[in-house]
1. Treating the Cα atoms of region 16-210 as identical point scatterers in vacuum, please give the log10 of the normalised Debye intensity I(q)/I(0) at q = 0.16 Å⁻¹, two decimals.
2. If you take the beta carbon distance between residue 144 and residue 167 as r and set R0 to 30 Å, what does 1/(1 + (r/R0)^6) give as a FRET efficiency, to the nearest 0.05?
3. Spin-label point model (7 Å from Cα, Cβ direction): what's the residue 90 to residue 184 distance in nm?
4. Rounded if a/c is under 1.5, else prolate if a/b is larger than b/c, else oblate: which is region 51-153, with a ≥ b ≥ c the root eigenvalues of its Cα gyration tensor?
5. Arranged from highest to lowest average of other beta-carbon atoms within 10 Å per residue, in what order do the peptides 64-71, 146-153 appear?
6. What translational diffusion coefficient, in µm²/s and rounded to a whole number, does the Stokes-Einstein relation yield for region 43-102 at 20 °C and a viscosity of 1.002 mPa s, taking the hydrodynamic radius as the Kirkwood radius over Cα pairs?
7. What is the calculated FRET efficiency for residue 195 to residue 29, with r their C-beta to C-beta distance and R₀ = 41 Å, to the nearest 0.05?
8. Determine, for 162, 49, the number of other Cβ atoms within 10 Å of each Cβ, and report the residues in order from fewest to most.
């Protein structure tokens, strides 16, 4: 039986900002702390936060299959960030937490989508989203923030990485033909696994910078 696979989502969660200002006069030193949030997923929640020790399973796909949907399954995932700033006459401290999530009610599957092979394909969509979150951390790490530009710059970096991540998701589906091309699927499995291992090896997600 031929298996048809997903139409990529474009899930964008609005970034949340919390600002704390204390006597905002001519700050000279800028400290940026960027990290990956370790939110915990709860069984009754509609949201699953990315955790390498908690892969997706088919029961997580709880959304309604759209009428006429050509694919066998749909993964709805995204990444976002929360930020805060503290400023005084001597310094500015910026904190940015990045996180990756999966939405159960927006993710769906058809009865034909029931094999470990196809579940791995969906898991890799979530993994690609996680790689996008790591890319955002690295982009923030390289950026030069000031008191005046940090809000605009954070949004600009987010939009840039978001668009790159969507392009990579589409490339993944195009080259694997939504998992139907098994040879290409195996190549992508290896490629994504290698990138995830690099993240674990480099441990580059908890960064403090002083400019």
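Every read-out reported here was derived from the displayed coordinates using simple, explicitly stated rules and does not represent laboratory data. Because the structure is a prediction, the values reported are computed rather than measured. Neighbour counts run over all protein chains shown; Cβ positions are idealised from the backbone, glycine included.
1. -1.02
2. For R0 = 30 Å, the calculated efficiency reads 0.70.
3. So the label points at residue 90 and residue 184 sit 5.8 nm apart.
4. Details: a/c = 3.50, a/b = 2.92, b/c = 1.20.
Prolate shape, in that a/c is at least 1.5 and a/b is the bigger ratio.
5. With the highest mean Cβ count within 10 Å placed first, the list reads 146-153, 64-71.
6. 143
7. 0.75
8. 49, 162
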